[in-house]
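Structure first, commentary second.
The values are calculated or read from the model by the stated rules, or taken from the named source; none is laboratory data. Predicted model only: the values in this text are computed from it and were never measured. FYI the Cβ positions are ideal-geometry reconstructions off the backbone, even for glycines, and counts take in every protein chain you see.
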Amino acid sequence: MTQSISSVRDEFVISLEAGGRSPKTVSTYMYAIDGLIAEGAGDEDFGDAMSAARVERHLVGLERAGKSQATRHLVWRTLRTFGRFAMRRGIVGSDPLVGVSVPKYDPTPRAVLEDTEVAALLRACSGQDALAQRDTAIVRLLLGCGLRRGEVAALNVSDWDKSANTIRVRAGKTRSARREVFIPAQTEDALYKWSRAREAFLKRNGVKNADTGPLFIGLRRGAGEALPGSAIRSVLVRRAKLAGLTGSIFPHRLRHSYAHAALSAGLSDLDVATSLGHRDTSMLVIYGSSHRGMRSVQAFRALDRGGR
């Protein structure tokens, strides 16, 4: 019995959602699949719509339309996952993308913050007022724990385990991304300072149960309201500007900096990937890639004994 590509798509969406994929991730998958469907008809047989020849023509069309290497590679990876899903469900007897040429993809090296830039950024956050202490805690979490901005925004006070020096991340992209992350000493100090300032601010504004609720809150509008992910980014951009940092400074760059620091310290790829909320180590090819050569030299220098 044949099945249309649209009906398989709908099954795939349900499977992704049941597997705990975030709405953003599901949307990314659908962008790739719907682009292929748009070139044919939604009621077209899955095997015909997902044939190797059709997929290759689609990828060539994306290249001619000026789509980037990253986009073409994303579409290929998504369609490969989609095809294997159909194979597991018994919709097709074999992987439909076997033999499809993999689009060339040379990831752009991801820049990390240098030590001098980190120091300047933290100096730009310094101060005794609540705003400075909040922003310091946010920047420290991004740098010291490698959290995504959405993960920081979703933190509640109860997610911080003071006895274990860990933070519970509940808003990861997938269930596997929901994890416990170790808090370095200076990040912990910043959290304690912000915690006291937060509680005092809420009490001044008549908020009961000041020791519960969102960990990071707005200080100008609506006492006690959680900062959204966009505000976490704005905090970093504002402080980076005060620090005089040039180039694009955004939360994910601090996440790359965290990965670079962890790998440079000798942590295993699997430990670093786990702390970042990834199921495997494949993404570490990209994280901190601009300094991969330097890490390699450091590793071999540490290995060198007796002037080999």
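Quick look at the values:
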{"item": "Test result for SER163, farther than 26 Å from SER248 by Cβ, hydroxyl-bearing (Ser, Thr, Tyr), in a loop (DSSP other than H, G, I, E, B) and not assigned by TED's automatic domain parsing to the domain that holds ALA53", "result": "yes"}
{"item": "The lone exception for VAL297 - which of (1) in a helix (DSSP H, G or I); (2) modelled with pLDDT of 80 or more it fails", "result": "(2)"}
{"item": "Among the candidates ASP106, ASP135, ASP95, residue that is acidic (Asp, Glu) and assigned to a helix (DSSP H, G or I)", "result": "ASP135"}
{"item": "All positions within region 8-47 that are free of Cβ contacts under 8 Å to residues at least 24 places away in the same chain and over 25 Å from GLY277 (Cα atoms)", "result": "ASP10, ALA38, GLU39, ALA41"}
{"item": "Complete set of residues in region 112-122 that are farther than 18 Å from PRO184 by Cα and either out of contact with any Leu (no Cβ under 9 Å at 6 or more places or on another chain) or of a type in the set (Phe, Trp, Tyr) (or both)", "result": "GLU114, THR116"}
{"item": "Positions within region 118-151 being modelled with pLDDT of 95 or more, crowded, with 20+ Cβ neighbours inside 10 Å and not hydrophobic (A, V, I, L, M, F, W, C), in sequence order", "result": "GLN133, ARG134, ASP135, THR136, ARG140"}
{"item": "Test: residue in region 187-205 that is of a type in the set (Val, Ile, Thr) and within 15 Å of ARG149 (Cα to Cα)", "result": "no"}
{"item": "Evaluation of ILE14 against (1) surrounded by 13 or more Cβ atoms within 10 Å (Cβ to Cβ); (2) under 30 Å from ALA154 (Cα atoms) (one fails), failing number", "result": "(1)"}
{"item": "Condition met for SER248 (farther than 16 Å from LEU113 by Cβ and of a type in the set (Ser, Thr, Tyr))", "result": "no"}
{"item": "Matching helices (runs of 4 or more DSSP H) fully within region 1-91 where at least 1 residues are modelled with pLDDT under 90 and farther than 28 Å from ASP106 by Cβ", "result": "5-18, 23-37, 46-49"}
{"item": "Residue check, ALA154 over 18 Å from ILE249 (Cα atoms) and either surrounded by fewer than 19 Cβ atoms within 10 Å (Cβ to Cβ) or modelled with pLDDT under 90 (or both)", "result": "no"}
{"item": "Verdict on THR28 being within 24 Å of GLY99 (Cβ to Cβ), within 20 Å of the chain's Cα centre (by Cα) and outside the structural domain of ARG170 (by TED's automatic domain parsing)", "result": "no"}
